[in-house]
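The values are calculated or read from the model by the stated rules, or taken from the named source; none is laboratory data. None of these values were measured; they are calculated from a predicted model. Note: ideal-geometry Cβ built from the backbone for every residue, glycine included; neighbour counts use all protein chains shown. Note: areas computed on protein heavy atoms with side chains; ligands, DNA, RNA excluded. Shrake-Rupley method; radii C 1.70, N 1.55, O 1.52, S 1.80 Å.
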Amino acid sequence: MKKTELLEIIANGENSGVEFKRDDVPPEKIAKECVAFANLKGGMIILGVEDHGSITGINRPNCEEWVMDAVFGNYIHPGIIPYYEEVVIDENRRVGVIRISAGTAKPYVLRHKKREDIYIRIGSTSQLASREQQLRLLQNGGLVHIEKLPVSGSSIKDLDLRKFEYYLKRIIEDNVIPESSHQWQERLKSLDLIVDTDFSKNVGSIAGVLLFAKKPGDFLPNSGLRVTVYPASDKDYNATTDEYIDSSFAELQKTLDEKDHRYEILEPDFFSMALNFLKAFISHEKLDENGIRRKRYWDYPPEVIRELIVNACIHRDWTNANINRIEIYADRMEITSFGGLPNTLTLKKIKAGQQYPRNPILIRFARDYGYMDDRGMGIRRKVIPLMIEHNKEEPIFEITEDYFKVILKKKLKER
């Protein structure tokens, strides 16, 4: 790092990615900052700088060896290999720069006084992670799958076993159908759809409730989808529609003629129900060129909308308490899935077709039902090219630590 670059960073002060420290502080305090950075997006610790930004320099001999052995060797788990360098400010002062990348083995902990504390970076401070934040870190590190956790107040009685039986018979073509109550329980447990807790047995898991509960929103307040329609291009006007859509992800069909593959949909899947509800707000009909039949024209490709709704629900972070949202404006449509991207996934990687399965159980079922292909190519091969073909514009992606939003520009009505 060049001296001028370092001085500019110091002049800008501490932030979510920069921390100042004297070199005489206890090693566990530096380790705490390193853990917090590794658990978020990485960062930089500058040794030899006061909190207010004055440069005092490092005085410790063999500072690099001390950082590697005393700080990273004794206090941080799993192990992190940082990048360390020293920058000369003048003939009497030099500073040490420790760079930590975002970790891939989250959560990282500070081991001190027989404890293991998890820290995250919030603004310019490092704070103990809350229960929800710890769950997200464990999820991002692949140590726990949130969708397997029990849903308080739910039980096997709240799951629609007709839909589960349809899944076994028609979706995965399993001819061994449970007969007794015990067999149903064991089969649901084998697929992580119900779990036992210390207080009760056969509690619905998050995945089980989402897929098969008659009303998932009765148990998971963040399930479903909130649809809001605005008549103009901003939220300054009263919404014309504000509805909550809630249903199980799994569909239920009745066989009419198995030989001719004719079936009747008794209960549609959540994604079809949502798209059907949206149809009135994002499409219109007019007579065809012959003036005989009515033809439907869409403001946005329905295949794109369905793909994005599926992605928003299947890939979302279920530790986030917010309900997924669709907002329809006069000139655009915004689909928001709550929870940032997992682990090291980025928009660039998504567009390239890479994926990081946050919810593998939901993904497996979505693949079985044909809701998604589980290859991570939906954005690359469906959403982007169909929007360009439809409207000559790519979707706009807005990504934060709390949500993933896709903005689609509206196509003008056919005249």
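Of note:
- Verdict on R293 being in contact with a strand residue (DSSP E or B) (Cβ under 9 Å, 6 or more places away or on another chain), more than 22 Å from I399 (Cβ to Cβ) and basic (K, R): yes
- Residue ID - modelled with the highest pLDDT, chosen from residues in the stretch 336-350 that are in a loop (DSSP other than H, G, I, E, B) and polar (S, T, N, Q): T346
- Counting the residues of the stretch 351-364 that are free of Cβ contacts under 8 Å to residues at least 40 places away in the same chain and outside any loop (DSSP other than H, G, I, E, B) gives 2.
- The stretch 379-407 - residue that is within 15 Å of the chain's Cα centre (by Cα), within 18 Å of V310 (Cα to Cα) and of a type in the set (D, E, K, R) and, of those, least open to solvent (accessible area, probe 1.4 Å): K405
- Looking only at the stretch 341-350, and only at residues there that are crowded, with 16+ Cβ neighbours inside 10 Å and touching a residue at least 24 places away in the same chain (Cβ under 8 Å), the one that is nearest to L40 (Cα to Cα): N343
- Complete set of residues in the stretch 25-55 that are free of Cβ contacts under 8 Å to residues at least 24 places away in the same chain and farther than 15 Å from D117 by Cα: V25, P26, H52, S54
- Scanning the stretch 55-84 for residues that are in contact with a Phe, Trp or Tyr (Cβ under 9 Å, 6 or more places away or on another chain), open to solvent by less than 50 Å² (accessible area, probe 1.4 Å) and outside any helix (DSSP H, G or I) gives I76, P78, I80, P82.
- Where a residue in the stretch 380-394 is closer than 12 Å to P301 by Cβ and its partner, wherever it lies, is among the hydroxyl-bearing types (S, T, Y), with Cβ under 8 Å and at least six apart: M387/Y300; H390/Y300; N391/Y300
- Of all the listed residues (E251, E243), the sole one being closer than 17 Å to V310 by Cβ and of a type outside the set (F, W, Y) is E251.
- Within the stretch 145-183, the residues that satisfy the criterion of being open to solvent by 40 Å² or more (accessible area, probe 1.4 Å) and either on the phi > 0 side of the Ramachandran plot or acidic (D, E) (or both) are G153, D158, E165, E173, E179.
- The number of residues in the stretch 22-53 being out of contact with any helix residue (DSSP H, G or I) (no Cβ under 6 Å at 6 or more places or on another chain) and open to solvent by 20 Å² or more (accessible area, probe 1.4 Å) comes to 13.
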